[in-house]
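These notes are about the structure you will find just below.
The values are calculated or read from the model by the stated rules, or taken from the named source; none is laboratory data. Being a predicted model, the structure only gives us computed values, none of them experimental. Virtual Cβ from ideal backbone geometry, glycine too; neighbours counted across all protein chains shown. Keep in mind that these areas ignore ligands, DNA and RNA; they rest on the heavy atoms of the full protein, side chains included. Shrake-Rupley method; radii C 1.70, N 1.55, O 1.52, S 1.80 Å.
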Amino acid sequence: MIAYLKGSIHAKAEEQLIVDVRDVGYALEISSQTLEKLPSEGEEVELLVYHHITDNDQRLFGFLDQNEKDLFELLITVKGVGPKLGLTILSGLPAQEITGAIVQKDKSALSKIKGIGKKTAERMILELKDKMSEMVDATYQPGSGTNISGNVKEEAISALQSLGFKKRDAEESIELAAKGESIDGDVQKLVKKALSQLDR
């Protein structure tokens, strides 16, 4: 199983990249978002790899950052979304915008992506919305103390921004979430409560 590749760019084109690793050329399928960030041909690159293996085929999918790879692996768990369509989705919107659209249940934004119809968009939201929230829980650990400090609020706002929410919306939802019941300086609780505000 190939986890990552480090070598020089031999050739690059839309949705495909060939990386020369010690005189062996590896062909990887990539999103347009990754393609735009790649250095020029001949320069060194390091890519995270999703190694897709079936009875009849082996394919490599390359990613410049962990967030895009994690999102890809989540997308292909959705019924009807295979690796090829997963890559198409990543090419359609930046990873943060895809995550934000799923969390905010924005079917229209997802449906604008080539190959994604209304039913697939609904399925993505249904199957991934909770998992996206769990990603925030894994990234942001609980704070300490009895009052909600400015640092805790900032962490919670950053968490919402990482899910694709605009800073102003994130700030407003955090302020609302911080009122009422006690959060006790817990970033996870604050983010979850803010998400429930944004869903309304």
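Evaluating Gly117 against the criteria (1) of a type outside the set (A, V, I, L, M, F, W, C); (2) open to solvent by 70 Å² or more (accessible area, probe 1.4 Å); (3) in contact with a helix residue (DSSP H, G or I) (Cβ under 8 Å, 6 or more places away or on another chain); (4) more than 23 Å from Lys12 (Cβ to Cβ) leaves one unmet condition, (2). If the condition is being more than 20 Å from Ser91 (Cβ to Cβ), within 25 Å of the chain's Cα centre (by Cα) and part of a loop (DSSP other than H, G, I, E, B), then the stretch 1-25 contributes Met1, Ile2, Ala3.
Against the conditions (1) in contact with a Leu (Cβ under 7 Å, 6 or more places away or on another chain); (2) of a type outside the set (Gly, Ala, Ser); (3) modelled with pLDDT under 95, Asp55 satisfies every one except (1).
Each residue in the stretch 26-65 was checked for being within 22 Å of Ile113 (Cα to Cα) and part of a loop (DSSP other than H, G, I, E, B), and 4 of them qualify.
For the stretch 26-48, state whether one or more residues are open to solvent by 50 Å² or more (accessible area, probe 1.4 Å), in contact with a helix residue (DSSP H, G or I) (Cβ under 9 Å, 6 or more places away or on another chain) and without any contact (Cβ under 8 Å) to a residue 12 or more places away in the chain. No, there is no match, as no residue in the stretch 26-48 is open to solvent by 50 Å² or more (accessible area, probe 1.4 Å), in contact with a helix residue (DSSP H, G or I) (Cβ under 9 Å, 6 or more places away or on another chain) and without any contact (Cβ under 8 Å) to a residue 12 or more places away in the chain.
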